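Notes for the one structure printed next.
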């Protein structure tokens, strides 16, 4: 089973490249370019993880994340922004994002998705059950 | 300067000034040489005054008599003959500047210190002239003010050039701002995006490589790529931060406050109420930059221990007050770097039809900057869960 991922970015070449990068490990269920489309598709596609750009044409990723979490609280949101700005990071986490990665460290996206997915679907405890459980 | 009236007898004046009263030939000789010296000096002064377009005045404290020479009358545009009173003078000063003029004039006379002051005069024809006035008081042995003398210059042309220069600096700042934004936008929208796409493609490619030595090379390439991308991105960020667009005005001001507070002992307080979610980008930017400049001034010049930033929203307008408890400065002195900062703040507010006001006086506690900008509420409200 692979994580179901929804990509939200208004830069088409990046969407295409990201889709190809993630294909193997994830199931990319939708690609959207606006906050409005994101809010619609998330209800239909039910992704596990949303990869969300910090700036979309019709609103900021921070606002979108807040709205997203209000509609589907269990979805994991990974935001990416051009710059790793500590204030933007704080605002993103406060809005409910799992992580904020900067675009120039986009190679960490896959591991960020993996981490978010693992937090959402914890592996069964490999240790034998303890008597106090 | 010819003083027509003799308000005091020479004997009495001698007593006041502590000069012995002479009699007989010695007195005549002394008076003659004194007269000669005085005439010489008067001639020098007359030539200097003519050459420098200087107006002269004299105030006699006991009789409350005021004398102005012809040039001074010309500068203020008051009648060239006849009696001058304090009221004539007050009437010629621009009403906005009058309280300041009265205050400085009186307090300097009483404290016995010379003064220099720039203020505006309003001529009977309605034209405004800038006056540079200097003067000092003379006192009896007991410290009682006797008289005060002073000179006035018409410095309107100089002021206008100064103002134009500063306005030009303001426009230059704005142009620089716009150019920075344009460059940053270009770098972000073009180079950074392409870099990201390339990095993602490179990573995809690296994932398909099986040979370990080739994998290592791909990893190295990706590392170099990331570094280069990061440098270009940070250049774009230095030119223009998109923090304001993403976080909004209040959160950005809060971040600004926190960042400045990190390197300073000053306590920064931010208070806000009724700030709408949707503010036009140029209005938000103006408030952000004005606060940034005001805080920069506080840190650099004020020696304050506390700053209050207060942002208040009302229907279709936002008001900002930045108030510090520092040492204040001369808000009239605009030729300094602080002045240019003030002017750029004022320019930013005025460009959007806003109001800008600075209240500050040297050595008097505190500087207060007030800005109000009105705007049309955007029709389309985005989001809003």
Can you name the residue in the range B:139-149 that is touching a helix residue (DSSP H, G or I) at 6+ places or on another chain (Cβ under 9 Å) and in a strand (DSSP E or B) and, of all such residues, is nearest to residue B:48 (Cα to Cα)?
-> B:148
Entirely in the range B:221-299, the helices (runs of 4 or more DSSP H) that have 2 or more residues that are more than 14 Å from chain A (Cβ to nearest Cβ) and over 28 Å from residue B:197 (Cα atoms) | B:281-297
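Quick one: in the range A:43-54, which of the residues that are away from chain B (no Cβ under 13 Å) and crowded, with 22+ Cβ neighbours inside 10 Å is nearest to residue A:121 (Cα to Cα)? Write out each step before concluding.
First, the residues of the range A:43-54 that are away from chain B (no Cβ under 13 Å): A:43-50.
Next, only the ones that are crowded, with 22+ Cβ neighbours inside 10 Å stay: A:47, A:49-50.
Numbers: A:47: 13, A:49: 12, A:50: 15 Å.
The qualifying residue nearest to residue A:121 (Cα to Cα) is A:49.
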Does residue B:304 fit the bill of being at pLDDT 85 or above, closer than 27 Å to residue B:178 by Cβ and either part of a helix (DSSP H, G or I) or in contact with a strand residue (DSSP E or B) (Cβ under 8 Å, 6 or more places away or on another chain) (or both)?
-> no
Which number in (1) over 25 Å from the mean Cα position of the chain (by Cα); (2) at pLDDT below 90 marks the one condition that residue B:299 misses?
-> (1)
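Do we find that residue B:129 is in contact with a strand residue (DSSP E or B) (Cβ under 8 Å, 6 or more places away or on another chain) and either touching a residue at least 24 places away in the same chain (Cβ under 8 Å) or within 14 Å of another protein chain (Cβ to nearest Cβ) (or both) in this structure? First the steps, then the outcome.
On the way: in contact with a strand residue (DSSP E or B) (Cβ under 8 Å, 6 or more places away or on another chain): yes; either touching a residue at least 24 places away in the same chain (Cβ under 8 Å) or within 14 Å of another protein chain (Cβ to nearest Cβ) (or both): yes.
Spelling it out, residue B:129 is indeed in contact with a strand residue (DSSP E or B) (Cβ under 8 Å, 6 or more places away or on another chain) and either touching a residue at least 24 places away in the same chain (Cβ under 8 Å) or within 14 Å of another protein chain (Cβ to nearest Cβ) (or both).
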Within the range B:192-217, considering residues that are more than 11 Å from chain A (Cβ to nearest Cβ) and part of a helix (DSSP H, G or I), the one nearest to residue B:235 (Cα to Cα) | B:217
Just need a number here: residues in the range A:55-82 that are surrounded by fewer than 22 Cβ atoms within 10 Å (Cβ to Cβ) and within 7 Å of another protein chain (Cβ to nearest Cβ).
-> 7
Considering only the range A:1-18, how many residues are within 13 Å of the chain's Cα centre (by Cα), more than 10 Å from residue A:49 (Cβ to Cβ) and within 13 Å of chain B (Cβ to nearest Cβ)?
-> 2
Name the residues in the range B:270-282 that are surrounded by 12 or more Cβ atoms within 10 Å (Cβ to Cβ) and either over 21 Å from residue B:346 (Cα atoms) or at pLDDT 90 or above (or both), would you?
-> B:270, B:272, B:275, B:276, B:277, B:278
Which one of these does residue A:22 not meet: (1) more than 13 Å from chain B (Cβ to nearest Cβ); (2) surrounded by 19 or more Cβ atoms within 10 Å (Cβ to Cβ); (3) in contact (Cβ under 8 Å) with a residue 40 or more places away in the chain?
-> (1)
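The values are calculated or read from the model by the stated rules, or taken from the named source; none is laboratory data. As the structure is a computational prediction, the values presented were derived from the model and not from experiment. Methodologically, a virtual Cβ is constructed for each residue, glycine included, from the backbone with ideal geometry; neighbour enumeration extends over all protein chains shown.
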